[in-house]
1. Taking the conditions exactly as written (touching a residue at least 12 places away in the same chain (Cβ under 8 Å), of a type in the set (Gly, Ala, Ser) and surrounded by fewer than 22 Cβ atoms within 10 Å (Cβ to Cβ)), does Ala167 satisfy them or not?
2. From the list Gln65, Gln11, Gln79, which residue is surrounded by 18 or more Cβ atoms within 10 Å (Cβ to Cβ) and among the polar types (S, T, N, Q)?
3. Determine whether region 149-157 contains at least one residue that is in contact with a Cys (Cβ under 9 Å, 6 or more places away or on another chain) and in a strand (DSSP E or B).
4. Mind checking which residues of region 311-332 are of a type outside the set (Asp, Glu) and loosely packed, with under 14 Cβ neighbours inside 10 Å?
5. Out of the residues in region 426-444 meeting the condition of being exposed (fewer than 14 other Cβ atoms within 10 Å of the Cβ), under 28 Å from the mean Cα position of the chain (by Cα) and more than 24 Å from Ala459 (Cα to Cα), tell me which one is nearest to the ligand (Cβ to nearest atom).
6. Go through region 284-303 and give me each residue that's modelled with pLDDT under 95 and crowded, with 16+ Cβ neighbours inside 10 Å.
7. Give the number of residues within region 1-30 that are modelled with pLDDT under 95 and either basic (Lys, Arg) or assigned to a strand (DSSP E or B) (or both).
8. What are the residues in region 114-140 that are at pLDDT below 95 and among the polar types (S, T, N, Q), if any?
Amino acid sequence: MARDERSVTPQSEDFSAWYNDVVFRAELVDRGPVRGSMVIRPYGYRIWELLQADLDARIKATGHQNAYFPLLIPQSYMQREAEHVEGFAPELFTVTHAGGKELEEPLVIRPTSETIIGEMMAKWISSHRDLPLLLNQWANVLRWEMRPRMFLRTTEFLWQEGHTAHATAAEATAETMLALDFYQEVAAGTAALATVPGEKTPRERFAGAERTFTIEGMMRDGRALQAGTSHFMGTNFAAAFGITYTAESGTAELCHTTSWGMSTRMVGGVIMAHGDDKGLVLPPAVAPYQVVIVPIGRGDQGVATATAATELAAALLRAGIRTHVDDRPQVSPGFKFNDWEMRGVPIRLELGPRDLASGTALMSRRLDYQQAAAKTAIPLGSAPDLLAAELHAFQLMLAQRAADYREEHTSVVDTWPEFTAAVATGWALALHCGDESCEDEIKAETTADPRCIPLAGAAERGPCVKCGKPSAYGKRLIFARAY
Ligand SMILES: [Zn+2]
């Protein structure tokens, strides 16, 4: 492959072309045969698995249990909660035929599973002693997508959906916030995204929810990405599906339910929050390979460095460092270095005859932020400890870089010209009247919309940035163009 075929479009030239170049050239995905479908290749799937394992551990550690519900849902289930069916109708896949015959009742392919899980909750819950019921499902869902984009908007995607039932609104609200915490920890800690937790405005709520919470991350083009959402349903789904319990007093009560999800779109967030003109930059916590070793040398020297590379890899693997030896004979060391750089490997090690003679390997980091960029010789004997420390530092550095980037591209604005300038390149923190028609006007003029009311925002009141009416929500909102 020629060198130019491996390079990617610069982000500054065309961010969206950059993204496409990266996802295909780094072999994260391929296009599926059906419009909007995505084949996740092993390198991309490993990133998802690492995010998934981290989130799954948090879900289980807090008393939730995994279960699995059917993909096909009777159409009538979807119709029981009025807002829910209205919200999802444009995205639904409906199965009308099976076994060569028309079905008596059409089936929908789950776009989400509130309805079928609600039906089962109604069956399983009878007494206050059955509560809380804390379920989670790892599954695929289908939603028809008009403007597909790999990882970000695909017709079929993978996710987890938590579904819980509680006796009181207070307990269900606490659960909603607990799930938001999982997402914030995975996004900020593991994926090194500088996400902001907040609440959605009523217009942006999940179909059928009373309150929707979100974490929003900033991508390298200044746009926002919703990376996880958690919904407090109140008694809406309980009423629609008859999820009731007998209280200690003997009266029948409606449960309060929640649902919350994080999907493969998070992989898109990792790509867009950290990548640069050379390609992917992966946080060590989600990097399929944290360290790649490239042995260098021909003939006997090549045999010696290849053997040493294998031994070094074994030592690193024993220390829990995901390591790969690139011993492809048909390509040059230079090609390998560029290739792994494009594929975002945090640390690369060169091991040549001279390094071996001095008992060292030459280390390069994928990215140097606010520190001297250099190749460093590291002693082979202490490589596991040194690299573990380097990977830890790299993870923190990426998180800091993402936080700094968000800070630099977020503006507190009070006037409309300031607002339009801010959302052209990043986020605007602005007061808003809370009218949906005003949100619509902002969206029509700038393509930006309210991403969230940040949980941490300070109390503030004043005129709406667009229409001048008194502000709602008691604090500033984040407005941005979004994925
Ligand atoms: Zn307004």
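1. Values: touching a residue at least 12 places away in the same chain (Cβ under 8 Å): yes; of a type in the set (Gly, Ala, Ser): yes; surrounded by fewer than 22 Cβ atoms within 10 Å (Cβ to Cβ): yes.
Yes: the conditions hold for Ala167.
2. Working: Gln65 fails: surrounded by 18 or more Cβ atoms within 10 Å (Cβ to Cβ); Gln79 fails: surrounded by 18 or more Cβ atoms within 10 Å (Cβ to Cβ).
One residue alone meets the criteria, Gln11.
3. Step one: of region 149-157, the residues in contact with a Cys (Cβ under 9 Å, 6 or more places away or on another chain) are none.
So far as region 149-157 goes, no, none of its residues is in contact with a Cys (Cβ under 9 Å, 6 or more places away or on another chain) and in a strand (DSSP E or B).
4. Pass one, region 311-332, residues of a type outside the set (Asp, Glu): 312-325, 328-332.
The answer is Ala314, Arg318, Ala319, Gly320, Arg328, Pro329, Gln330, Val331, Ser332.
5. Restricting attention to region 426-444, the residues satisfying the condition of being exposed (fewer than 14 other Cβ atoms within 10 Å of the Cβ) are 436-437, 440-441, 444.
Adding the requirement that they be under 28 Å from the mean Cα position of the chain (by Cα) leaves 436, 440, 444.
Add one more test, that the residue is more than 24 Å from Ala459 (Cα to Cα), and what stays is 440, 444.
Details: Asp440: 10, Ala444: 13 Å.
Selected residue: Asp440.
6. So the first thing to find is which residues in region 284-303 are modelled with pLDDT under 95, and the list is 297-303.
Across region 284-303, the qualifying residues are Gly297, Gln301, Gly302.
7. Within region 1-30, residues that are modelled with pLDDT under 95 and either basic (Lys, Arg) or assigned to a strand (DSSP E or B) (or both) number 2.
8. Within region 114-140, just Thr115 meets the criteria.
The values are calculated or read from the model by the stated rules, or taken from the named source; none is laboratory data. Just so you know, these numbers come straight off a predicted model, no measurement behind them. FYI the Cβ positions are ideal-geometry reconstructions off the backbone, even for glycines, and counts take in every protein chain you see. Accessible surface is based on the protein model in full, side chains and every heavy atom, while ligands, DNA and RNA are left aside. Shrake-Rupley method; radii C 1.70, N 1.55, O 1.52, S 1.80 Å.
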